[in-house]
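The values are calculated or read from the model by the stated rules, or taken from the named source; none is laboratory data. Just so it is clear, the model here is predicted, and its values are computed rather than measured. Note that we place each Cβ from the backbone using ideal geometry, even for glycine, and neighbour counts take in every protein chain shown. Areas reflect the complete protein model, heavy atoms only, side chains present, ligands, DNA and RNA absent. Shrake-Rupley method; radii C 1.70, N 1.55, O 1.52, S 1.80 Å.
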Amino acid sequence: MVRKKGSLILCGAFLFVAWNALLLLYLWGRPPIGHLGEGGGAEPGGKEEWGVGRGKVGRVNLAGEVIRLAEEVEIQLETQKKLLKQIESNRAVWARQKDIGKRETDDMKEVKEEVVQQPPKTPPPLKTSVDVSDQTEVRQTQKPVHTAAEGPPVEHVATERKEEIIENSEVTTSASSPEVVIPILVIACDRVTVKRSLDRLIQYRPSPELYPIIVSQDCGHAETARVIGSYGEQVTHIRQPDLSDIRVRPEHRKFQGYYKIARHYRWALNQVFNTFLQSTVVIVEDDLEVAPDFFEYFRALHPILRSDPTLWCVSAWNDNGRDALVDPSKAELLYRTDFFPGLGWMLLKEMWDELEPKWPSAFWDDWMRQPEQRKDRSCIRPEISRTITFGRKGVSLGQFFDQYLRYIKLNTEFVPFTKQDLSYLLKEKYEEKYIKEVYSVPLVKIEELQQGGTLKGPGPFRVQYSSRDSFKVFARNLGVMDDLKSGVPRTGYRGVVSFLYRGRRVFLAPPEGWTQYDVSWS
């Protein structure tokens with residue numbers, strides 16, 4: 001490293017000397033600036049400005065020419081001085097970025113060797129600063145955003161409304177911190193009840209430095225903006241610059257809101273990954289309330305997500321997480337699922353780089369559930385949800401809310417996930433054990449479960465479905481959600497849906513030997 005630094009400095013010095021030598025030769029060989037044949041010297045003052053005259057056409061007073069050359073050389077030297085300062089500044093940034101990249105590579109090697117959670121170390125403080133500016137000034141000026149490597153500010157690209165994007169714009173990460181920074185991105189619009197969501201996030205957040213909260217607001221709703229702004233330096237408030245309507249097919253005019261949501265998600269995620277230069281993010285919406293161990297949950301599962309290529313997200317949500325369907329004594333229980341749950345989920349930058357170029361114009365969550373995006377990858381989800389939704393009113397007009405969502409149980413017991421061995425969630429370990437457990441339990445009829453008296457023991461038991469219709473009938477009768485997206489049931493893993501029914505563990509499962517989902521079941 002020292003040798004490379006010396007080489008860079010030597011190279012810069014050589015370029016500096018060579019440039020000035022060429023510049024001096026050029027300036028001596030160049031004709032004077034004044035007009036030949038006139039009485040004046042260098043414009044615009046002529047001989048009155050210089051105080052000298054010419055004896056012959058084309059001859060210039062030597063003293064005047066030397067003074068002119070000296071002034072121009074001084075200007076060029078000042079320019080070169082600035083260039084050298086920029087080179088030195090960039091060299092320091094390159095060195096820091098290289099050090100960060102090396103450390104991340106070493107961390108990845110350690111995770112792949114043994115994915116065992118250790119108690120978190122106390123990191124150096126992360127600098128999170130919020131610049132709350134007058135909105136009128138924001139419209140008139142462009143504000144720099146400091147990068148995660150604490151390098152020079154990155155200027156926003158000049159567009160018609162780009163000046164309004166960032167109100168509180170600095171999220172900086174200490175390059176020497178051994179802990180991964182996990183930003184929380186809150187997608188907001190026109191709900192003033194975002195206060196409930198932000199209050200819980202701030203209440204349970206163990207470290208503002210490790211979990212900076214970025215609120216991205218669409219819609220331009222002034223009252224909601226005031227609520228977000230009232231948190232001052234506790235959050236970073238950014239605003240979607242494009243509030244225009246989106247041209248859609250006539251039959252999709254009623255879905256305009258879904259198009260705007262997809263546009264907002266794309267913009268906000270690009271801000272987190274490409275402007276704030278973060279490596280991961282947890283996305284929540286403005287109508288979600290989080291559990292006390294919300295941050296602990298994602299902190300512990302981050303290395304699992306990063307080390308297992310068969311995973312593509314971690315979700316805090318259980319679609320079948322109603323009080324009667326979950327085991328309150330198993331708050332630590334986690335699953336793999338083939339169904340993308342959303343509603344509080346972690347995404348890595350590498351995955352966003354894959355998804356962003358083909359991001360849909362609307363219905364982004366169902367698009368995520370298509371085989372072309374999922375690519376047989378799974379998510380992690382909990383037995384008991386770490387988020388609940390309190391927003392009945394929205395673009396979906398309360399779909400599922402009254403029947404399902406309002407009854408989802410929120411975890412209240414703090415589980416120290418970072419002190420647990422979660423390597424059982426890696427595909428090789430999980431699949432062998434889980435599938436063996438499912439198909440080794442007694443196969444029963446749904447009538448036996450409903451009557452209950454003929455069954456012995458607390459379970460678990462297995463109910464088998466063989467078609468789309470039989471799945472829907474059984475799901476409705478057992479109280480779980482019966483819809484399928486691209487053929488995948490909610491919370492399903494290899495077609496298996498796990499839940500409690502009248503206190504007994506039940507696996508609603510396809511026949512043994514299942515191979516793949518049938519998209520025609522949607």
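Residue count for the stretch 454-495 satisfying the condition of being polar (S, T, N, Q), surrounded by fewer than 19 Cβ atoms within 10 Å (Cβ to Cβ) and under 27 Å from residue 427 (Cβ atoms): 2. Among the small types (Gly, Ala, Ser), under 24 Å from residue 316 (Cα atoms) and touching a residue at least 24 places away in the same chain (Cβ under 8 Å), is that true of residue 452? When the stated conditions are applied, residue 452 does not pass them.
Close contacts from the stretch 329-354, counting a first residue that is assigned to a strand (DSSP E or B) and a second that is aromatic (Phe, Trp, Tyr), with Cβ to Cβ under 7 Å and a gap of 6+ residues or different chains, come to 335/493; 336/430; 336/493; 337/493; 346/298. Under the condition of being farther than 20 Å from residue 494 by Cβ, in a helix (DSSP H, G or I), out of contact with any Ser or Thr (no Cβ under 8 Å at 6 or more places or on another chain) and of a type outside the set (Val, Ile, Thr), the residues counted in the stretch 434-449 number 2. Tell me yes or no: at least one residue of the stretch 424-433 is part of a helix (DSSP H, G or I), within 24 Å of the chain's Cα centre (by Cα), touching a residue at least 12 places away in the same chain (Cβ under 8 Å) and buried (at least 17 other Cβ atoms within 10 Å of the Cβ). Yes - at least one qualifying residue is present in the stretch 424-433. I'm trying to understand the selection: among the residues of the stretch 224-234, which are crowded, with 18+ Cβ neighbours inside 10 Å and either in a helix (DSSP H, G or I) or β-branched (Val, Ile, Thr) (or both)? Of everything in the stretch 224-234, those that are crowded, with 18+ Cβ neighbours inside 10 Å and either in a helix (DSSP H, G or I) or β-branched (Val, Ile, Thr) (or both) turn out to be 224, 225, 227, 228. Picking from residues in the stretch 307-334 that are surrounded by 18 or more Cβ atoms within 10 Å (Cβ to Cβ) and of a type in the set (Val, Ile, Thr), the one that is nearest to residue 416 (Cα to Cα) is 314. Residue 437 passes every criterion in (1) modelled with pLDDT of 95 or more; (2) under 26 Å from the mean Cα position of the chain (by Cα) apart from (2).
The set of residues in the stretch 183-206 that are surrounded by fewer than 19 Cβ atoms within 10 Å (Cβ to Cβ) and either within 18 Å of the chain's Cα centre (by Cα) or at pLDDT below 95 (or both) contains only 205. Among the residues of the stretch 404-423, the ones that are assigned to a loop (DSSP other than H, G, I, E, B) and open to solvent by less than 30 Å² (accessible area, probe 1.4 Å) come to 4 in all. Per the listing 252, 221, 237, the residue uniquely surrounded by fewer than 20 Cβ atoms within 10 Å (Cβ to Cβ), in contact with an Asp or Glu (Cβ under 6 Å, 6 or more places away or on another chain) and at negative phi is 221. Condition test on residue 234, is it free of Cβ contacts under 8 Å to residues at least 60 places away in the same chain and over 18 Å from residue 345 (Cβ atoms)? When the stated conditions are applied, residue 234 does not pass them. Provide a single number: the residues in the stretch 450-470 that are of a type in the set (A, V, I, L, M, F, W, C) and part of a strand (DSSP E or B). Total satisfying the criteria: 2.
The listed residues are 207, 216, 197, and the only one of them that is polar (S, T, N, Q) and assigned to a loop (DSSP other than H, G, I, E, B) turns out to be 207. Among residues of the stretch 359-385 that are in contact (Cβ under 8 Å) with a residue 60 or more places away in the chain, those with a Cβ under 7 angstrom from a residue that is open to solvent by 60 Å² or more (accessible area, probe 1.4 Å) and β-branched (Val, Ile, Thr), sequence gap 6+ or separate chain, pair up as 371/519. Does residue 394 fit the bill of being surrounded by fewer than 23 Cβ atoms within 10 Å (Cβ to Cβ), at pLDDT below 95 and touching a helix residue (DSSP H, G or I) at 6+ places or on another chain (Cβ under 9 Å)? So residue 394 passes the test.
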